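Just below is one structure, and these are the notes that go with it.
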Amino acid sequence: SGEEVQFQPYGADQPPPLPTSHFWERWKYDGKSLLTLAVDLGRRLLPAFDTKTKIPFGTVNLMFGVPEGETKIASTAGAGSLLMEFEVLSQLSGDESFGQAALTAMKALYRRRSAVGLIGKHINTETGAWHESISGIGSNSDSYYEYMLKSHWLFRRQELYRMFSDSYFAIKKFVLLEDRWFTEVDMFTGKLQRRRVENLAAFWPGMEATLGFVQESAEQLNALYSVWNDVGFLPEEFDYMQWQQGGEMSNSFYPLRPELIESTYHQYRATGDRTWLTAGKQFLESIESMSRTACGYASLATTSKESQLQDQMPSFFLSETVKYLYLLFDETNFIHSRPYIFSTEAHPFETSQLHSLSHQQSQNSTAKNESNLDVAVA
């Protein structure tokens with residue numbers, strides 16, 4: 001979905017500058033400046049939605065708008081995973097344009113599903129024609145499904161749950177094989193195209209767990225955990241049939257992704273079954289033993305002969321992988337006792353606060369309209 005940042009060494013002999021203690025002593029948050037910046041950023045992003053389909057471009061220049069010659073092809077995940085953040089910004093600022101733009105984009109993708117209920121991975125933002133008609137829940141589509149459900153929970157909109165349900169059952173019918181492997185199929189026919197399983201698809205069992213389908217999620221998780229236990233990590237992609245038949249994964253890559261750990265966390269919170277902590281311990285030990293370096297944790301690439309550390313640590317390792325590992329083992333964390341919904345980058349939004357704010361703004365809007373009516377009558 002969102003583009004990630006790669007952390008690399010600042011310099012062999014020169015550490016990055018840090019704010020002095022005097023800076024923090026002088027600086028006090030006024031309660032408004034960060035929201036002002038967020039609104040400014042949101043308004044700079046809105047030109048991306050100025051397409052015939054209202055499905056946004058994938059890139060926008062924050063100073064000049066959409067770059068000249070920008071591709072009209074957008075990924076489903078990139079265009080359809082904006083609603084949580086944009087609608088929260090609308091509720092905090094009172095400006096409905098942000099949430100409305102994101103919701104319109106998500107609906108535009110949903111309306112272009114095939115007769116069997118599936119959608120592709122890339123679409124033309126001007127014509128609405130599918131540029132890539134492969135359907136799956138991994139790269140370029142994952143968080144589209146995630147955000148329909150989570151936005152329903154966060155904003156209590158039934159239409160989003162209906163959209164999610166339609167998509168959920170289509171995925172379970174055509175994309176899921178042997179009750180545990182999510183593959184890739186043709187969006188128009190549902191016929192298998194590739195037996196490729198992607199690491200990114202490991203978010204789905206966690207979603208099943210939060211829905212209460214813990215048996216289904218357990219079966220999916222155990223299949224993926226078996227691969228991790230065999231290889232030492234969950235590869236970025238692999239042929240599950242080849243692996244089941246004992247074939248080697250001669251060229252594998254693991255960029256420290258969180259999805260399997262995230263789903264294990266949700267499964268444990270849903271069931272209380274402490275055997276999932278054993279899986280968490282295995283994740284932790286693997287990352288510590290295989291990825292740790294003197295100044296961070298490195299992505300892994302393996303060949304048939306050896307594993308090699310890559311000079312990169314994606315930002316989601318800190319915002320998601322480590323966070324879900326920590327929460328898995330921290331039984332008393334306040335996150336567990338309050339109604340938080342995690343974004344696709346594991347940023348928590350508390351539903352009760354948003355609902356209270358939305359109700360307050362609705363009352364303020366009603367009072368303002370009544371005041372304007374009184375003035376008009378006078």
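The values are calculated or read from the model by the stated rules, or taken from the named source; none is laboratory data. Just so it is clear, the structure is predicted and the values come from calculations on it, not from any experiment. Note: ideal-geometry Cβ built from the backbone for every residue, glycine included; neighbour counts use all protein chains shown. Keep in mind that these areas ignore ligands, DNA and RNA; they rest on the heavy atoms of the full protein, side chains included. Shrake-Rupley method; radii C 1.70, N 1.55, O 1.52, S 1.80 Å.
Just one of the listed residues (227, 214, 231, 197) is open to solvent by 20 Å² or more (accessible area, probe 1.4 Å), among the hydrophobic types (A, V, I, L, M, F, W, C) and within 23 Å of residue 146 (Cβ to Cβ), and it is 214.
Take the conditions over 19 Å from residue 75 (Cα atoms) and not in a helix (DSSP H, G or I) and apply them to residue 190. Does it pass? Yes. Taking each residue of the stretch 315-328 that is over 17 Å from residue 282 (Cα atoms) and part of a helix (DSSP H, G or I) and looking for partners that are at pLDDT below 95 and aromatic (Phe, Trp, Tyr) with beta-carbon atoms closer than 7 Å, six or more apart or interchain, yields 315/7.
With respect to (1) open to solvent by 20 Å² or more (accessible area, probe 1.4 Å); (2) in contact with a strand residue (DSSP E or B) (Cβ under 6 Å, 6 or more places away or on another chain); (3) aliphatic (A, V, I, L, M), the lone exception for residue 123 is condition (1). If you filter the stretch 181-194 down to residues that are closer than 21 Å to residue 249 by Cα and either of a type outside the set (Lys, Arg) or at pLDDT 95 or above (or both), you find that the one that is most open to solvent (accessible area, probe 1.4 Å) is 193. Within the stretch 126-173, the residues that satisfy the criterion of being of a type in the set (Phe, Trp, Tyr), open to solvent by 10 Å² or more (accessible area, probe 1.4 Å) and under 26 Å from residue 50 (Cβ atoms) are 130, 155. Mind checking which residues of the stretch 52-80 are touching an Asp or Glu at 6+ places or on another chain (Cβ under 7 Å), part of a loop (DSSP other than H, G, I, E, B) and not β-branched (Val, Ile, Thr)? Correct list: 52, 57, 72. When only residues in the stretch 99-120 that are in a loop (DSSP other than H, G, I, E, B) and open to solvent by 50 Å² or more (accessible area, probe 1.4 Å) count, which is nearest to residue 70 (Cα to Cα)? For the stretch 99-120, the residue satisfying everything is 112. Residues in the stretch 234-280 that are loosely packed, with under 14 Cβ neighbours inside 10 Å and acidic (Asp, Glu): 2 in all. In this structure, is residue 144 under 15 Å from the mean Cα position of the chain (by Cα) and aromatic (Phe, Trp, Tyr)? In short, yes.
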